[in-house]
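Read through the structure below, which is laid out as structure tokens, and then see the notes.
The values are calculated or read from the model by the stated rules, or taken from the named source; none is laboratory data. A quick note: this is a predicted structure, and the numbers were derived from the prediction, not measured. Counting neighbours? That spans all protein chains shown, and the Cβs are built from the backbone with ideal geometry, glycine included.
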Amino acid sequence: MTTSTPVDGRIALVTGGGSGLGRASALALLDAGWSVVVAGRRKEALEETLTLAATDPSRTLAVPTDIRNPDEVAALFETARRRFGRVDLLFNNAGAAAPRRPITDTPFEDWNRVMDTIVTGGFLCAREAFRVMSTQSPAGGRIINNGAPSAHVPRPNSVAYTAAKHAVLGLTRVLSLDGRRHGIACGQIDVGNVAPLDGGPQPAALQADGTTAVEAVIPVERFTEAVLLMASMPLDTNIQSLTVLPTTMPFVGRG
């Protein structure tokens, strides 16, 4: 496989790049001059992301990947490295959700799916990123983990998602510590309510007092601007934690 030269030498890898915040972030990174590898389980969705980018194909690569599978994750990073020569940024974005239920009604399958995707998938991608970034020349890179306000404060009836996002916070902190000697910076972005990307209405959310309410939202551009800010820092500077949310969204105490 030939190695192509990106516009400005920076290579990003975005998981969950076939839809939602992953797609929006991949497009924003491309607009900012990065070359981008998008990963996800659905090949057609990844290719649609790159079609929407309408950019030089030499700056893009779609790699269908199940990030819960260590062999597929290793192949993803090796493919990115062979194509572009290095990986400068991992946006550990892929996630999974489950219907909000009391813990007594939460199926084991929901718990496993959420944990396997968010926690195990995040670990596997970070491990391969460390292996590539610590040995490439020049060494170093950046990892941005997609957390959530639930990494700090739970919503009602969200045991699997909240536990998984708390684990992401721990992963971020240990990667930030262990990455120092390799020139690898790691931070976490926690985004609140983003307006539905399909243009539909924002659904009502269960509140801590048992009522429901339609909460405020921000446009997806506020999120991608924050990702670009974190990604643009020189490696001697790290944004360890960045929370972006509507001013009036319940967060502190979920009230």
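Is it the case that some residue within region 69-79 is among the aliphatic types (A, V, I, L, M), in contact with a strand residue (DSSP E or B) (Cβ under 9 Å, 6 or more places away or on another chain), crowded, with 19+ Cβ neighbours inside 10 Å and more than 24 Å from Leu229 (Cβ to Cβ)?
There is at least one residue in region 69-79 that is among the aliphatic types (A, V, I, L, M), in contact with a strand residue (DSSP E or B) (Cβ under 9 Å, 6 or more places away or on another chain), crowded, with 19+ Cβ neighbours inside 10 Å and more than 24 Å from Leu229 (Cβ to Cβ).
Among the residues of region 10-29 satisfying the criterion of being farther than 20 Å from Arg222 by Cα and not basic (Lys, Arg), which is surrounded by the most Cβ atoms within 10 Å (Cβ to Cβ)?
Leu13
Within the set of pairs 6 or more residues apart or between chains, which connect a residue that is of a type in the set (Phe, Trp, Tyr) inside region 88-116 to a residue that is part of a helix (DSSP H, G or I) and buried (at least 17 other Cβ atoms within 10 Å of the Cβ) with Cβ atoms less than 7 Å apart?
Once the first residue is of a type in the set (Phe, Trp, Tyr) and sits in region 88-116, its partners that are part of a helix (DSSP H, G or I) and buried (at least 17 other Cβ atoms within 10 Å of the Cβ) give Phe91/Ser25; Phe91/Val227; Trp111/Ala160.
Name the residues in region 190-211 that are modelled with pLDDT under 95 and outside any loop (DSSP other than H, G, I, E, B), would you?
Result: Ala205, Leu206.
Do we have any residue at all in region 160-179 that's under 16 Å from the mean Cα position of the chain (by Cα), exposed (fewer than 13 other Cβ atoms within 10 Å of the Cβ), modelled with pLDDT of 95 or more and of a type in the set (Gly, Ala, Ser)?
Within region 160-179 (the criterion being under 16 Å from the mean Cα position of the chain (by Cα), exposed (fewer than 13 other Cβ atoms within 10 Å of the Cβ), modelled with pLDDT of 95 or more and of a type in the set (Gly, Ala, Ser)), the answer is yes, since at least one residue qualifies.
Given the condition in a helix (DSSP H, G or I), of a type in the set (S, T, N, Q) and surrounded by fewer than 17 Cβ atoms within 10 Å (Cβ to Cβ), answer yes or no: does some residue in region 30-53 qualify?
yes
Mind listing whichever residues of region 183-211 are surrounded by 11 or more Cβ atoms within 10 Å (Cβ to Cβ) and among the polar types (S, T, N, Q)?
Those that are surrounded by 11 or more Cβ atoms within 10 Å (Cβ to Cβ) and among the polar types (S, T, N, Q): Gln188, Asn193, Gln202, Gln207.
What number of residues within region 74-112 satisfy the criterion of being over 30 Å from Gly179 (Cα atoms) and among the aromatic types (Phe, Trp, Tyr)?
The total comes to 1.
Report whether or not Met249 is part of a loop (DSSP other than H, G, I, E, B) and either more than 27 Å from Thr120 (Cα to Cα) or touching a residue at least 60 places away in the same chain (Cβ under 8 Å) (or both).
yes
Does Pro234 satisfy being out of contact with any Asp or Glu (no Cβ under 6 Å at 6 or more places or on another chain), assigned to a loop (DSSP other than H, G, I, E, B) and within 30 Å of Val132 (Cα to Cα)?
Taking the combined requirement at face value, the residue satisfies it.
Hey, among Arg82, Arg59, which residue is without any contact (Cβ under 8 Å) to a residue 60 or more places away in the chain and more than 29 Å from Ser150 (Cα to Cα)?
Arg59 is the lone residue from the list that is without any contact (Cβ under 8 Å) to a residue 60 or more places away in the chain and more than 29 Å from Ser150 (Cα to Cα).
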